[in-house]
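Student: Sending over a structure as structure tokens; questions will come in a sec.
The values are calculated or read from the model by the stated rules, or taken from the named source; none is laboratory data. Computed from a predicted structure; not experimentally measured. Cβ sites come from the backbone with ideal geometry, for glycine too, and all protein chains shown count toward neighbours. All accessible areas refer to the heavy atoms of the entire protein, side chains included, with ligands and DNA or RNA removed. Shrake-Rupley method; radii C 1.70, N 1.55, O 1.52, S 1.80 Å.
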Amino acid sequence: MASSRLDLTRPQILAFRRLVGALDERLTAGRRSLRRAAWAGLQDSMPRAALLSIHARVEGTRSATWEDPSLVQLWGPRFNVFAVAARDLAVFSLGTLPDDAKGRRRAEDLAARLDAFLAGARMPYGQAGRGIGVHPNSLRYAAATGTVLIRWEGARQPTVWTMPPPEDDPREARLELARRYLHIYGPATHEAFAWWSGIGQRHAAVAFEVLRAALTPVRTPVGDAWILARDEPAVRAAPGPAAPARLLPSGDAYLLYQGANRDLLVPDASCRRALWTPRVWPGGVLVEGEVAGTWRRGEATVTVQPWSRLSRAAREAVEREAEALPLPGARRPIVVRWQE
């Protein structure tokens, strides 16, 4: 591999992330598009966040799209609730399986006990945890075996059940998880991958080292990093037009960064504090390719707080996005309230 680093500007990086994240132009409705939208998983720790992330990326998203049989829910990276393509379950489960013997035994033992207790049934995770004598939250560790699925609708406890283990090699699943992270979140470092995946610095560094021949070193405004070599043409390409507006939910992949990457995405410190709050994060308002404010929802009212004065066209684009949100159980039209 060449030792020289490719210099990338902030506009190049953000345009690439929007391109691979399908945020400039929505994908055609269908299961192939759902899988692409969930390429690095859709965090669903906030009720129906995954659905709203899909809506930002896929045409024709409806309130029941998150229930498409091609998608499943699990406790994925960092034990958060994720929606992923069913065919990619091994990547987001086995890819996080502990490498140390003690951690792996804990995951496999919990999974075996849960499977024996459920015996093919489905039940609330609280009941299942008590049934095998553990705190229900401990069941999250078993998810790394790829045998535990959940259904969480937000207002109630997750329902949990088990399935046969994937046949995939955990080491290959880990490498594929790293590739997907680099594709959607790149340019990236192994430290950032360690935080996102929850696998730890040492194991993340090993994954990046194994992949090194398939990576290109880059220099960004916030430090040195890596991209997939196969993504270099897309990073270098002239960007296409950005979408007029998108409403991204809390935990959306485009916003799920730490440290210097937050500085890159949102240069203004006061705006960063408004987006990444100490408690529950709001959603992000994307206007013509830039995060331009935050939004929150209370039933059918969407409150938008822009960080600067928006043009009438931009406000109308944000309102159209809000009014089209596929909210489950909505009983009246969505109303947009501007907080300035």
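Student: Using the Cα centre as the reference, give the magnitude of the dipole from point charges on the C-beta atoms of the chain (Lys, Arg: +1; Asp, Glu: -1; all else neutral), rounded to the nearest 20 debye. Mind dumping the intermediate values first?
Tutor: Working: 47 positive and 35 negative charges, 117 e Å.
Computed about the Cα centre, the dipole is about 560 debye.
Student: Oh, and also: Let me have the relative contact order for the range 180-265, percent, based on Cα pairs under 8 Å that are six or more residues apart. Write out the running numbers ahead of the final one.
Tutor: Values: 66 pairs, mean separation 25.3, N = 86.
With pairs under 8 Å counted, the relative contact order is 29 percent.
Student: Only loop residues by DSSP count here, and only those with at most 16 other Cβ atoms within 10 Å; note down the GluC sites (Glu not before Pro) in the range 143-188 that meet that. Kindly include the intermediate steps, with their values, before the conclusion.
Tutor: Numbers: sites: E153, E167, E172, E176; in loops: E153, E167.
Of the GluC sites (Glu not before Pro), the ones in loops of the range 143-188 whose Cβ has at most 16 other Cβ atoms within 10 Å are E153, E167.
Student: A follow-up question, please. Please identify which residues in the range 155-199 have an amide N closer than 20 Å to a label point set 7 Å out from the Cα of A260, following the Cα→Cβ vector.
Tutor: 181-197
Student: Any idea of the accessible area per residue across the chain, 1.4 Å probe, to the nearest Å²? Intermediate values should be presented prior to the final figure.
Tutor: Numbers: 16090 Å² over 340 residues.
With the other protein chains kept in place, the chain gives 47 Å² per residue.
Student: Considering the chain as a Gaussian network with a 10 Å cut-off on Cα pairs, which listed residue, V266, V81, V285, attains the greatest mean-square fluctuation?
Tutor: V266
Student: Now a separate question. Once both labels are modelled 7 Å past Cα along the beta-carbon direction, what's the E209-M163 spacing in nm?
Tutor: 3.4
Student: Now for a separate question. In nm, to one decimal, how far is the R202 label point from the A238 one, both placed 7 Å along Cα→Cβ?
Tutor: 5.0
Student: Can you compute the FRET efficiency between R31 and S63 using 1/(1 + (r/R0)^6), with r the Cβ-Cβ distance and R0 = 25 Å? Round to the nearest 0.05. Don't jump to the answer; show the numbers that get you there.
Tutor: Values: r = 18 Å, r/R0 = 0.70.
Plugging the Cβ-Cβ distance into 1/(1 + (r/R0)^6) gives 0.90.
Student: Related question: Quick check: at a probe of 1.4 Å, how many percent of the accessible area of the chain sits on carbon and sulfur atoms?
Tutor: Accessible surface attributable to carbon and sulfur in the chain totals 50 percent.
Student: Further, regarding this structure: Want the number for D224 to D268: 0.36 nm per residue separation, take away the alpha-carbon distance, what's left?
Tutor: Details: separation 44, 0.36 × 44 = 15.84 nm, distance 2.13 nm.
Result for the pair: 13.7 nm of gain on full extension.
Student: Return the label of the correct value of mean projected area of the Cα convex hull in nm², as calculated from the structure shown, out of [x] 17.4; [y] 22.8; [z] 16.5.
Tutor: Here mean projected area of the Cα convex hull in nm² agrees with entry [x].
Student: How much net charge surrounds A112 when only other residues with a Cβ under 13 Å from its Cβ are counted (Lys, Arg +1; Asp, Glu -1)? Mind dumping the intermediate values first?
Tutor: Numbers: positive: R104, R105, R106, R113; negative: E108, D109, D115.
For residues surrounding A112, the net value is +1.
Student: Could you work out the relative contact order of the range 1-142, using alpha carbon pairs under 8 angstrom and six or more residues apart, expressed as a whole percent? Don't skip to the end; give the middle numbers.
Tutor: Details: 148 pairs, mean separation 23.8, N = 142.
It comes to 17 percent, rounded to a whole number.
Student: Loop only per DSSP, at most 14 neighbouring Cβ atoms within 10 Å: give me the trypsin sites (Lys or Arg not before Pro) in the range 42-150, ordered by residue number. Write down the numbers at each step before the final one.
Tutor: Numbers: sites: R48, R57, R62, R78, R87, K102, R104, R105, R106, R113, R122, R130, R140; in loops: R48, R57, R62, R122.
Within the range 42-150, the qualifying trypsin sites (Lys or Arg not before Pro) (loop, at most 14 other Cβ atoms within 10 Å) are R62, R122.
Student: Still on this structure: Give the relative contact order (percent, whole number) for the chain; include only Cα pairs under 8 Å separated by 6+ residues. Don't skip to the end; give the middle numbers.
Tutor: Working: 599 pairs, mean separation 64.1, N = 340.
Relative contact order for the chain comes out at 19 percent.
Student: Label E316 and A300 with points 7 Å out from Cα along Cα→Cβ: what is the distance between them in nm?
Tutor: Each label point is offset 7 Å from its Cα along the Cβ direction, giving 2.4 nm.
Student: Something else about it: Would any residue of the range 231-267 have its amide N under 19 Å from a label point 7 Å out along Cα→Cβ of L6? List them or say none.
Tutor: Output list for this probe position: 231-240.
Student: Are there any trypsin sites (Lys or Arg not before Pro) in the range 231-340 that are in a DSSP loop and have at most 12 other Cβ atoms within 10 Å? List them by number.
Tutor: Details: sites: R236, R246, R262, R272, R273, R279, R296, R297, R309, R312, R315, R320, R331, R337; in loops: R279, R309, R331.
Here the trypsin sites (Lys or Arg not before Pro) that fit, given the DSSP loop and packing criteria, are R279, R309, R331.
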